[in-house]
1. Got a sec? Charge dipole of the chain, +1 on Cβ for Lys and Arg, -1 for Asp and Glu; which of G10, L407, S113 is way out at the positive end?
2. How are the C-alpha pair distances of the stretch 1-131 spread across 10 Å bins, as whole percents from the shortest bin up?
3. Nearest 10 degrees, 0 to 90: what angle lies between the long axis of helix 193-224 and the longest principal axis of the chain (Cα atoms)?
4. Using the Karplus curve 6.51 cos²θ - 1.76 cosθ + 1.60 with θ = phi - 60°, what ³J(HN,Hα) values do you get for each residue of the stretch 168-175, in whole Hz, with x for Gly and Pro?
5. Filter the trypsin sites (Lys or Arg not before Pro) in the stretch 128-188 to those in DSSP coil with at most 13 other Cβ atoms within 10 Å of their Cβ, and list the result.
6. Taking 7 Å along the Cα-to-C-beta vector as the label spot, tell me the H294-T348 distance in nanometres, rounded to one decimal.
7. Which parts of the stretch 135-157 would a label at F206 reach, counting a residue when its backbone N lies under 20 Å from a point 7 Å out along Cα-to-Cβ?
8. To the nearest 10 degrees, how steep is helix 327-337 against the longest Cα principal axis of the chain, on a 0 to 90 scale?
Amino acid sequence: MAKIAVLGAGYVGITSAACFAYLDHQIMVSDINESRIAQLDRGECPIIEAGLGELLVEGISRGNLHFTVDNNLAVSSADFVFVCLPTPQGENGVADTSYVQKAIRGVASQLKSGAIVVTKSTVPVGSTKIIEEALNRSDVAVVSNPEFLREGSAVDDFLNPDRVVVGSTDVNAAQKVAGLYSKLNTKIFLTDPASAETIKYAANAFLATKISYINAIAAVCEGVGADVLAVIEGIGSDRRIGRSFLNPGPGWGGSCFPKDTKALVKIAESGGYDFALLRGVIEVNEQQYDRVAHKILNVTRSHSEVLQVCVLGLTFKAGTDDLRDSPSLLVIQKLRNAGAEVRAFDPTVSPPNSNLDGIVLCNSAQSAASGADVIAILTEWPEFMELRPVDFFKIVRTPNVVDARNLLNRENWLGAGLSYRDVGR
Ligand code: UDX
Ligand code: UDX
């Protein structure tokens, strides 16, 4: 049982804290956001994440999960200090590590001798050195331990990881960090800090590449009359390619891929390499927002009034309430720039919401579709598969569907008299 401080109670921080508590470690989470800490203290989970609420309540009731707004209090008796602070996209794509550095400088003198600082935030290659300098403590080691959890399945990803990556020049410290995961049946991958930091970016960039690739193949299929779903099965069954992350859609988004891909282009540049492939992946993704918006704007209709668009799904993917860099919002922006009016529904987003200015937020899919000229599926919420096409045929102004997630049953919607377009067919 180790004493762990977690700085930053965001998606990564809360999940890591609750899971480490579940693994019988003693946890103190610190965050500058007082209302978030108060909420957590009451055992309320501030984010939608499967299984996380239960783990939080369990950790609090077992007495090994605590919350504070005081970083120094959190770290004072800690053996390990996990840094889960934001590293947002900074000037021209370079990751901004100012929150991390400021917090590290703030707690440096409070750390007990022999404590280990662990970076879980996605930080540019070389950051371990920068953090060591900010700490300026020869008796405190710094270890890189990137996270690979996905929002929506964060708890499962943390407790059933494909691997745990630990990077440090201090082998003893690295093994101690690896020991924190000893109860998990997984591969521990020990390496140097720069390689560990690079693994995180390379993994995210590769996954983004896979998605941009299948979106590009979907465009080819549309051009030559092939069926992308058949192509996906045909290539995905090749073990060298693999079926996962080959779902075409409105483009990739979220709090990680957009900023991490841009950051990696910059990291490569700083190392003297022009990462043209990755710049292409980012460009294809931005084109995908346009392709989907174009499909929605160009549906057939018998009137010349303002296009009324019903958008189903606002979050960057199903299973989370996170709107950060959501492809849905980026497509909606293009629709509104083209003069369309948007009514939207998302099961996790309730009005009012300042991120959604200019969008009429509705409490149901039916109310969002009422009087619409096109129904656009932009997030793959499973509940949209239960919608009855006949109910929508009755309430729309013009019966058009653009399914940017290939989620619905095409035959059912066509059978009910609606036109149906998706991605790659
Ligand atoms: C964060 C990083 O943004 C991401 O790059 C990294 O890969 C994982 O950790 P996430 O957990 O999604 O991702 O961040 P976010 O949800 O924004 O949470 C960050 C938390 O840190 C917020 O609760 C914020 O209040 C807190 N914070 C921010 C501090 O406690 N101190 C600060 O100085 C800044
Ligand atoms: C990602 C990485 O998967 C995770 O390992 C890392 O730790 C953080 O970043 P996350 O941002 O939660 O996780 O989302 P992810 O499930 O990877 O989806 C990213 C985007 O790609 C979403 O917009 C999603 O809709 C899209 N996507 C994903 C597709 O369009 N097609 C796919 O096949 C998979």
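The values are calculated or read from the model by the stated rules, or taken from the named source; none is laboratory data. This structure is a prediction, so every number in the text was calculated from the model and none was measured. Cβ sites come from the backbone with ideal geometry, for glycine too, and all protein chains shown count toward neighbours. Side chains are part of the model used for accessible areas, which takes the heavy atoms of the whole protein and leaves out ligands, DNA and RNA. Shrake-Rupley method; radii C 1.70, N 1.55, O 1.52, S 1.80 Å.
1. Result: L407.
2. Binned Cα distances yield the sequence 13, 45, 32, 9, 0.
3. Between helix and principal axis, roughly 10 degrees.
4. 6, 7, 9, 4, 4, 5, 4, 5
5. Answer by residue number: K183.
6. Between H294 and T348, the simple spin-label model gives 3.1 nm.
7. 144-151, 157
8. 50
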